[in-house]
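One structure is given here, and the rest of the page talks about it.
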Amino acid sequence: MKPNVAYHSALTEAKIIRNIYRGMLSMIVRRKVHSSRDLPMSVFSYSGEKALPEQVASIRSFLRYAGRPRQFTVLSDGSYTPNSITLLEAIDDCVRVQQTPPPLPSSLPEKIRSYLANHHTGKQLALIMSLPANGPALYTDSDVLFFPGAGELAELAQRNSVPAWFQADYQFSGDERVLVGESEKQDPANTGFLLLFRKLDWSVGLDRLQNLNGEPNFFTNQTVTHLCMHANGARSLDPQKFVLQSDDQTIYRDKYAKSSLVMRHYVNPVRHKFWLTLAHRGFN
């Protein structure tokens with residue numbers, strides 16, 4: 001079998017671009033981003049030191065193309081250094097790093113409380129469960145890039161006819177132990193991009209979590225979120241504008257990058273395209 005030269009070249013190039021971007025972070029954050037609009041929402045992300053370059057690039061692309069939110073809060077997983085926190089908060093006056101997790105409900109069983117307080121993706125779930133606090137709240141992973149079409153988020157933030165919007169996954173990626181049947185895999189929700197208008201009822205997912213046989217895994221939080229989104233009547237976003245795909249993993253170009261896009265979530269199989277696309281557009 002012939003090696004896929006284009007794919008392996010893309011992986012190498014992306015690694016080089018990311019290293020250059022990381023080395024330039026102190027200069028990059030000093031260049032203020034012009035935002036053409038203020039957004040009636042708060043934005044939240046959850047990340048740590050390993051994702052610092054992605055988090056900086058993601059925030060800057062949001063400010064440039066979507067607008068300036070009331071506040072952009074990055075919840076640290078506990079690994080951000082003081083220097084990295086300074087870099088993140090230098091991006092814009094609306095950005096702050098929160099080092100303490102949101103308080104958990106006092107009535108939670110110890111098994112669930114321990115998961116939400118100590119597990120890496122459990123902490124992410126705890127943040128999402130705390131939203132929204134005051135007006136619409138957007139949760140976005142650090143591996144999301146925003147495009148010129150992201151101005152649409154201003155209009156979407158006003159459309160509160162549903163309790164929440166979620167990004168549709170291209171396949172069910174979850175902890176099947178949490179499900180009770182194959183039918184629950186339909187219309188899979190991804191936790192990487194959620195717009196919430198009101199507090200959700202998380203009881204269905206938490207009950208499943210309490211009865212889980214064995215330890216939670218990386219995808220347990222996503223499965224809990226998936227179940228609760230559907231239980232609360234949330235709706236999926238247009239997958240043509242809010243992209244989560246991996247079918248272009250092994251080709252060089254970013255098959256989906258275009259001006260009409262709102263965002264693309266560059267999950268692990270296509271993470272290298274995050275950097276290739278960013279470099280192609282020019283470091284923001």
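Structure values in brief
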quantity: Inter-residue pairs, beta-carbon under 8 Å, first open to solvent by 20 Å² or more (accessible area, probe 1.4 Å) and outside any helix (DSSP H, G or I) and in region 223-235, second at pLDDT 95 or above and not hydrophobic (A, V, I, L, M, F, W, C), 6+ apart; calculated: Asn232/Pro163; Asn232/Asp201; Gly233/Pro163
quantity: Members of region 207-222 that are open to solvent by 20 Å² or more (accessible area, probe 1.4 Å) and hydrophobic (A, V, I, L, M, F, W, C); calculated: Phe218, Phe219
quantity: Within region 17-53, tally of residues that are in contact (Cβ under 8 Å) with a residue 60 or more places away in the chain, more than 26 Å from Ala133 (Cα to Cα) and of a type in the set (D, E, K, R); calculated: 3
quantity: When residues of region 187-216 are limited to those that are closer than 18 Å to Asp238 by Cβ and free of Cβ contacts under 8 Å to residues at least 60 places away in the same chain, the one farthest from the chain's Cα centre (by Cα); calculated: Asp187
quantity: Residue count, region 1-22 (criterion: closer than 18 Å to Leu278 by Cβ and open to solvent by less than 60 Å² (accessible area, probe 1.4 Å)); calculated: 6
quantity: Scope region 125-155; condition farther than 30 Å from Arg281 by Cα, at pLDDT 95 or above and of a type in the set (S, T, N, Q); matching residues; calculated: Ser130
quantity: Residue tally, condition open to solvent by less than 40 Å² (accessible area, probe 1.4 Å) and free of Cβ contacts under 8 Å to residues at least 60 places away in the same chain, over region 236-284; calculated: 5
quantity: Filter result for Leu261 (closer than 26 Å to Glu13 by Cα, in a loop (DSSP other than H, G, I, E, B) and within 19 Å of the chain's Cα centre (by Cα)); calculated: yes
quantity: Tally of residues being in contact with a helix residue (DSSP H, G or I) (Cβ under 6 Å, 6 or more places away or on another chain) and not aromatic (Phe, Trp, Tyr) across region 242-262; calculated: 9
quantity: Per-region count, region 160-194, residues of a type in the set (Gly, Ala, Ser) and closer than 22 Å to Tyr266 by Cβ; calculated: 5
quantity: Arg235 vs. criteria modelled with pLDDT under 95, more than 20 Å from Ser45 (Cβ to Cβ) and not hydroxyl-bearing (Ser, Thr, Tyr); calculated: no
quantity: Residues of region 109-141 classified as of a type in the set (S, T, N, Q) and either within 13 Å of Thr191 (Cα to Cα) or touching a helix residue (DSSP H, G or I) at 6+ places or on another chain (Cβ under 7 Å) (or both), total; calculated: 3
quantity: Selection count, region 122-146, where residues are outside any loop (DSSP other than H, G, I, E, B) and free of Cβ contacts under 8 Å to residues at least 60 places away in the same chain; calculated: 1
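Here is a yes/no grid of residues against (1) open to solvent by 20 Å² or more (accessible area, probe 1.4 Å); (2) in contact with a Leu (Cβ under 8 Å, 6 or more places away or on another chain); (3) among the acidic types (Asp, Glu):
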| position | (1), (2), (3) |
| --- | --- |
| His119 | yes, no, no |
| Met129 | yes, yes, no |
| Ala133 | yes, no, no |
| Ser142 | no, no, no |
| Leu145 | no, yes, no |
| Tyr170 | yes, yes, no |
| Glu176 | yes, no, yes |
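The values are calculated or read from the model by the stated rules, or taken from the named source; none is laboratory data. Keep in mind that what you see is a predicted model, and the values were worked out from it rather than measured. A quick note on method: Cβ atoms are made from the backbone with ideal geometry, for glycine too, and the neighbour counts reach across all protein chains shown. Just the protein is used for accessible areas: all its heavy atoms, side chains included, with ligands, DNA and RNA removed. Shrake-Rupley method; radii C 1.70, N 1.55, O 1.52, S 1.80 Å.
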